[in-house]
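Written below as structure tokens is the structure these notes are about.
The values are calculated or read from the model by the stated rules, or taken from the named source; none is laboratory data. A quick note: this is a predicted structure, and the numbers were derived from the prediction, not measured. Positions of Cβ are generated from backbone atoms using ideal geometry, with glycine treated the same way; all protein chains shown enter the neighbour counts. Calculation scope for accessible area: heavy atoms of the full protein, side chains included, ligands and nucleic acids excluded. Shrake-Rupley method; radii C 1.70, N 1.55, O 1.52, S 1.80 Å.
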Amino acid sequence: MSNGLTPRPSHRKKLEGVESPLVTAKRMKPVLSLTSSDSDEGMERSLVSVTLPPPKTFHDMVHQNIELPYICYKIINTPQFSRLRNLKQLGVCYFVYPSASHNRFEHCIGTAYLAGKYCRTLQRNQPELLIDTNDILCLEIAGLCHDIGHGPFSHLWENFMERCALFGNKYSHEEISIQMFDFMIEDNKLWELFELSGLDQQDIIFIKEAIFGRPLPGYTKLIGREPQKYFLYQVNTILSYGQCPYLN
């Protein structure tokens, strides 16, 4: 069954018949509305474009004033992301060290900022890499959402779930994060905003692969970007921008 989204030609065959809930995207609603007007020659149709609001500014204790795209602002205001305000970054460490009380919420905002900063630096210094604005936006969103699957007390929760064997012995917050990412988009009806931001199904797959850190379950290789852009996945793995704020 078609999901209403056309992948890029180079990946069309690879995505046919995809049924995994971690990969398949829902139908996006059109963001361009058609209007009709009478004229001597008959009915004319014209496209009315919708523009996005400007980026939003956040004050970060590590990076000071930072800007994030409007779509990131909308994601931050969803219930799925806002729950990170109450999840401690360092688990139960703050019971011993009271100042170690920062949360996944501000950590993810800083991660999104660093992801964009790194990519723009590469884009500026190495134009031959052909990094485009969609690549940057995808990695900003991936950085923002990379921890939305965490449970109470962060990594301590993973150990608890593995001991309970509720998900077998392979529970990971990364896999829960990409499931939560799908649910967040559907529950908050963000498909239209993603399309308005210039993102398609291929980009959504890329975001989830960047969150997961490897091919999605059921796949043996990365399909969100072509091989010449596989280095983009290393922004999360090798540069590890999620840990860089601790170095400041």
For Asn86, the lone unmet condition from (1) over 14 Å from Gly143 (Cβ atoms); (2) surrounded by 17 or more Cβ atoms within 10 Å (Cβ to Cβ) is (2)
When Ser20 is run through (1) surrounded by 15 or more Cβ atoms within 10 Å (Cβ to Cβ); (2) touching a Pro at 6+ places or on another chain (Cβ under 7 Å); (3) at pLDDT below 80; (4) small (Gly, Ala, Ser), the failure sits at (1)
Only unsatisfied item for Gln201, checking (1) modelled with pLDDT of 90 or more; (2) open to solvent by 30 Å² or more (accessible area, probe 1.4 Å), is (2)
Scanning region 89-124 for residues that are of a type in the set (A, V, I, L, M) and not in a helix (DSSP H, G or I), the one surrounded by the most Cβ atoms within 10 Å (Cβ to Cβ) turns out to be Leu90
Query raised in the report: Do we have any residue at all in region 35-43 that's at pLDDT below 90 and within 21 Å of the chain's Cα centre (by Cα)?
Result: no
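Let's see how each residue does on (1) within 24 Å of Asn77 (Cα to Cα); (2) of a type outside the set (A, V, I, L, M):
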residue	(1), (2)
Met180	yes, no
Glu186	yes, yes
Lys189	yes, yes
Glu192	yes, yes
Leu196	yes, no
Gly218	no, yes
Gly224	no, yes
Gln228	no, yes
So, first residue open to solvent by 70 Å² or more (accessible area, probe 1.4 Å) in region 66-79, second residue among the β-branched types (Val, Ile, Thr), Cβ within less than 8 Å, six or more apart or across chains; the pairs are Glu67/Thr57
